[in-house]
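I have placed the structure first, in the form of structure tokens, so that the comments after it can refer back to it.
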Amino acid sequence: MAVPAIEHDGQRLTDELPRRLAGRHLRVAVVGDAIVDGWLSGRCQRLCREAPAPVVDITERSFTLGGAANTAANLAALGARVRLVSAVGADPPGESLLREAEQADVDTTGTVVHPARATVAKYRVCAGGQVLLRFDEGVDQPPLDRAATAELVRRLREAVADCDAVLVCDYGTGVLGGAVRAALRRLRERLPLLVVDAHEPGDWAELAPDVVTPNAEEAASVLGTAIGGDSAQRLATLERHRDDLFAATGASTVVVTLDRDGAALLSRDHPTHRTWARPVPDHHTAGAGDTFVAALTVAAGTGLPLTTSVELAQAAADVVVHRPGTAVCDTEQLAHRLGSYRDAPVAHGQLADLVAEHRTAGRRIVFTNGCFDVLHRGHVAYLNQAKQLGDVLVVAVNDDTSVARLKGPDRPVNTAADRAAVLAALSCVDHVTVFDEDTPVDLLRRLRPDVYAKGGDYTPEMLPETPVVREFGGEVRILDYVPDHSTSAVIDRIRTTPAAATPGRTR
């Protein structure tokens, strides 16, 4: 049975959205490589005598779920009903993994315990907040034998029989072989949503996944080309090779995770959408990809637009990277993160100080403004483009009185505080402020941005702000116009749509 799509107002990135998604209890089968993540932490104050190697006095040990098991735990923490289809050894790490998974509300009846197999484990040795060493166990193993594979396939069929989404996590440890892919291929027409997170996404192309989520290195491998340089260069390379990515992965949507640079959403029918991450030290990023793909699956599987889904996924990943070790983002943590934007608007004086700090640091300032009443895909697309014109995006929002003057007495639908909070939750937006004039010319004179961007079917000469911006040496840029996505059109559709109707599922 298909999960009904979230209604119009459920697409807004507010603290209520994670709770609404959790209430749907999406049924997800996670198929893939379950791993134990170990963290050994202590003090390092000397080198050993035998070699120039640091000596770590271990004071703390922790063992958590990793790989497909961590993805399953993140799904469960976000309200999904999850069954883990995998294989582990009949060994202490395997026993620990199953016990931890069950405590995380993950159904492990789909997991095969194999007496001749070692559970994959990855241990990190840390001191002073730095990872000094990682050592792995059980990685180089032969594929599962015929009997274990047959049992895994049987449990796979049971797990996907009534699921809403299947998430494949293939990290090359020998659990997922040709027989598992063949079984999923036979079941493909029954699967409402198939997401693939794999080191070699091309191996799954014959299944025509709905979404694949490679990182930049994996995308480069499947393309057979380098994806290097800064974030803009990497994004440009992905843009040039987008059709090759679709062909090589068999997917209709590719989400390339770019570590500290966020992620790029490439789909066949829409412009590329990018998210921006809150950078942290690299040693804090373990498991962030698992959280990202879990949140993406929950959102897309429940019918949210893919742009909203990747923004939600980025927010969830940003939660876990600010915590040590391999962490999980639950519904309330994600709601708190999104709810923190309720006080998003910045006063003009404080904003001027912030912009001055950015400019001193050599950052390029982009400014845009609008009513942004009932945020829609056209808004999101043009804000995403605006961010890519510089380093810092400032969005000025008309207050309620000026919206009523500009749009009519029945507007705005949402208050300025609500509109600002939703805008601030977009990863491309750095600062939001509210102004009460019909045009932001006074604010432009005060901030003197490098670029003034507007979305729509304008020309620079039509804008009263253009002379002001050019007066202080700024640049005016008109961004792409997305037809049939005006706020008025969205409001008209909401008003004329019967209350019982819901949009179709996003595939």
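The values are calculated or read from the model by the stated rules, or taken from the named source; none is laboratory data. Quick caveat: nothing in here was measured; it's all calculated off a predicted structure. As a convention, Cβ positions derive from the backbone with ideal geometry for all residues, glycine included, and neighbour counts pool all protein chains shown.
One table, with the values for the structure above:
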{"item": "Helices (runs of 4 or more DSSP H) wholly inside segment 1-118 containing at least 3 residues that are closer than 18 Å to Gly287 by Cβ and polar (S, T, N, Q)", "result": "68-77"}
{"item": "Of residues in segment 426-453 being in contact with a Gly (Cβ under 8 Å, 6 or more places away or on another chain) and among the charged types (D, E, K, R), the one farthest from Asn384 (Cα to Cα)", "result": "Arg448"}
{"item": "Qualifying positions in segment 397-429 - without any contact (Cβ under 8 Å) to a residue 24 or more places away in the chain and of a type in the set (Ser, Thr, Tyr)", "result": "Thr415"}
{"item": "Residue in segment 378-396 that is surrounded by fewer than 21 Cβ atoms within 10 Å (Cβ to Cβ) and without any contact (Cβ under 8 Å) to a residue 12 or more places away in the chain present", "result": "no"}
{"item": "Matching residues in segment 206-229 - criterion: being out of contact with any Lys or Arg (no Cβ under 7 Å at 6 or more places or on another chain), over 23 Å from Ala72 (Cα atoms) and touching a residue at least 12 places away in the same chain (Cβ under 8 Å)", "result": "Ala219, Ser221, Val222, Leu223, Thr225"}
{"item": "Any hit, segment 254-264, residues being β-branched (Val, Ile, Thr), outside the structural domain of Leu423 (by TED's automatic domain parsing) and not in a strand (DSSP E or B)", "result": "no"}
{"item": "Selection count, segment 435-458, where residues are of a type in the set (Gly, Ala, Ser) and over 15 Å from Gly370 (Cβ atoms)", "result": "0"}
{"item": "Matching entry among Pro143, Pro192 (being surrounded by fewer than 23 Cβ atoms within 10 Å (Cβ to Cβ), within 15 Å of Thr297 (Cβ to Cβ) and of a type outside the set (Asp, Glu))", "result": "Pro192"}
{"item": "Residue satisfying condition, being assigned by TED's automatic domain parsing to the domain that holds Pro271 and in a loop (DSSP other than H, G, I, E, B), within set Ala226, Ala205", "result": "Ala226"}
{"item": "Yes/no for Ala198 being closer than 30 Å to Asp162 by Cβ and in the same structural domain as Glu158 (by TED's automatic domain parsing)", "result": "yes"}
{"item": "Residues of segment 336-348 that turn out to be part of a helix (DSSP H, G or I) and either surrounded by 18 or more Cβ atoms within 10 Å (Cβ to Cβ) or modelled with pLDDT of 95 or more (or both), as a count", "result": "4"}
{"item": "Condition check for Leu223: aliphatic (A, V, I, L, M) and either surrounded by 24 or more Cβ atoms within 10 Å (Cβ to Cβ) or more than 22 Å from Gly287 (Cβ to Cβ) (or both)", "result": "yes"}
{"item": "Elements of type strands (runs of 3 or more DSSP E) contained in segment 390-507, each with 3 or more residues being among the aliphatic types (A, V, I, L, M) and modelled with pLDDT of 95 or more", "result": "392-398"}
